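Chemist: Below are the structure tokens for one structure; questions will follow.
The numbers here are math on the coordinates, done by the rules we state, and not lab data. In this text, all values refer to a predicted model and were calculated from it rather than measured experimentally. Positions of Cβ are generated from backbone atoms using ideal geometry, with glycine treated the same way; all protein chains shown enter the neighbour counts.
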Amino acid sequence: MRNALRYSYTRIAIAFSTDNRDITIVINDDGLGVSAEDREQIFRTFYRTDKAHDRESGGTGLDLAIVEAAVNQHCGWVKAQDSLLCGLRLVLWLPLH
């Protein structure tokens, strides 16, 4: 959420879905997005895309690494994709049991 707030221009869309087995959280923004080459890398500790290297963004490259570690510890996964809003889409999936 913090990254969506930081990097979006004007729109963020959040959706949740659940059933008896799992929960999926999808966050879309209309920011610059992340290149296909960077999508796997953005979950590495201290990794920042070229677009995020400016000092004004204030990012450290820790947020998504922490998200991935927490989700993995709960046997889930997180993926970065292109957003229908033209920015970044994060999909988080967690089992409920």
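Chemist: If you line up the long axis of helix 63-73 against the longest principal axis of the chain, both from Cα atoms, how many degrees apart are they, to the nearest 10?
Modeler: Its long axis makes an angle of about 20 degrees.
Chemist: Rounded, prolate or oblate: pick one for region 2-95, where a ≥ b ≥ c are the square roots of the eigenvalues of its C-alpha gyration tensor, a/c under 1.5 means rounded, and failing that, prolate if a/b is larger than b/c, else oblate.
Modeler: The shape class here is oblate.
Chemist: Taking 0.36 nm per residue of sequence separation and subtracting the Cα-Cα distance, how much length would be gained by fully extending the chain between residue 20 and residue 75, in nm to one decimal?
Modeler: 18.2 nm
Chemist: Between residue 88 and residues 5 or more places away or on another chain, which pairs have amide H atoms under 5 Å apart, with H built 1.01 Å from N, and which residues are they?
Modeler: Counting only residues 5 or more places away or on other chains, the set is 29, 31, 33, 83.
Chemist: Just grab the label-to-label distance for residue 97 and residue 10, each label 7 Å out from Cα along the Cβ direction, in nm (one decimal).
Modeler: Going from the residue 97 label point to the residue 10 one covers 4.6 nm.
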